[in-house]
1. Here is a list of conditions, (1) in contact (Cβ under 8 Å) with a residue 40 or more places away in the chain; (2) within 16 Å of the ligand (Cβ to nearest atom); (3) surrounded by fewer than 23 Cβ atoms within 10 Å (Cβ to Cβ); (4) over 16 Å from the mean Cα position of the chain (by Cα), and Pro164 meets all of them except one; can you say which number that is?
2. Please work out if Leu216 is assigned to a helix (DSSP H, G or I), surrounded by 24 or more Cβ atoms within 10 Å (Cβ to Cβ), within 16 Å of the ligand (Cβ to nearest atom) and within 19 Å of the chain's Cα centre (by Cα).
3. Residues in the range 121-137: is at least one in contact with a Pro (Cβ under 8 Å, 6 or more places away or on another chain) and within 21 Å of Ala227 (Cα to Cα)?
4. Only residues that are over 15 Å from Pro84 (Cβ atoms) and polar (S, T, N, Q): list them for the range 43-59, please.
5. How many residues, within the range 177-213, are within 30 Å of Thr130 (Cβ to Cβ), part of a loop (DSSP other than H, G, I, E, B) and not small (Gly, Ala, Ser)?
6. Could you please let me know if Ala77 is more than 30 Å from Val160 (Cα to Cα), surrounded by fewer than 16 Cβ atoms within 10 Å (Cβ to Cβ) and out of contact with any Cys (no Cβ under 9 Å at 6 or more places or on another chain)?
7. Could you tell me how many of the residues in the range 113-144 are part of a strand (DSSP E or B) and in contact (Cβ under 8 Å) with a residue 40 or more places away in the chain?
Amino acid sequence: MQEERAPDFSIGDNITRVRERIRAACERRGRDPAEVTLIAVSKLKPFDDIREACAMGVTHFGENYVQELTRKMEENAGLAAPLPIAWHMIGHLQKNKVKYLIGRTALIHSVDTAALAEQIEKEAAKKNETVRILLEVNIAREESKWGFDPAEVPRAAEAVNALPHIRLCGLMTSAPLTDNPESNRGYFRSLKELAGELAERKLLRLRESGFQSPVLSMGMTGDFETAVEEGATMIRVGTAVFGKRDDQNGGTGT
Ligand SMILES: *Cc1c(COP(=O)(O)O)cnc(C)c1O
């Protein structure tokens, strides 16, 4: 894939700017920026772009499509010195693709049905692996979006807790696309409250998964500062890091 880049486009500079914005959002709320993990969303971008981001010290990458993700994993594994990448599956996951991910992802963010969780359990048991997951919540109850209705989340979390090869670590959401991130603030607050409820009911497996607090995966290019202000521990940023994609208006169409 050939990319057309404006002369002043630089993934390195983009990352510097995103980090500065994370730091400023943290400062507004007295948060430690180390509590916020930047996941660079590299879907539809070439592996060379991932290398550039890695050179800036980014180690967490998010992908939406299983085939593209595993192709990039293999490209990395084939390097003389593979990059130290933690891969995050953030896109809708079909049950028949689950087997390709077991033992290979840091976290699956997009568990959106009980049946998908059961499939992950089945494949993980076969390989004697445990899999860290988040439940995806359709926080604004948008018709077009995947995810559990917020009211279903506690029961789904209980069901997932009965699955011995799954470690539920928190919640993920994609808030509505908007030009005004302020309008998503209430949704981010609701997700945090919901995760707090699960933690209180001991439905999250945090310490054994290496997390200090419930994982809140929320905030994208359009609204990540608001999400950080409201407690995001992982933000998933694509466009602000890698530039526009071919799935967006203004993509290069290659
Ligand atoms: C594409 C995508 C992102 C990144 O979106 P940007 O607006 O480019 O930052 C984050 N999360 C999910 C689930 C995505 O599909």
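1. Here Pro164 meets the rest and fails (2).
2. When the stated conditions are applied, Leu216 does not pass them.
3. The answer is yes, given that some residue of the range 121-137 is in contact with a Pro (Cβ under 8 Å, 6 or more places away or on another chain) and within 21 Å of Ala227 (Cα to Cα).
4. Scanning the range 43-59 gives no hits.
5. Residues meeting the conditions: 8.
6. So Ala77 fits the description; yes.
7. Residues meeting the conditions: 3.
Residue by residue, here is whether (1) more than 11 Å from the ligand (Cβ to nearest atom); (2) surrounded by fewer than 19 Cβ atoms within 10 Å (Cβ to Cβ); (3) without any contact (Cβ under 8 Å) to a residue 60 or more places away in the chain holds:
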| residue | (1), (2), (3) |
| --- | --- |
| Arg21 | yes, yes, no |
| Asp32 | yes, yes, yes |
| Val36 | yes, no, no |
| Ser42 | no, no, no |
| Lys45 | no, no, no |
| Ile50 | yes, no, yes |
| Cys54 | yes, yes, yes |
| Tyr65 | no, yes, yes |
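FYI, it's all coordinate maths here, none of it is from the lab. Predicted, not measured: the structure shown is a model, and the values here were computed from it. Quick reminder, even Gly has a Cβ in these numbers, built from the backbone with ideal geometry, and neighbours come from all protein chains shown.
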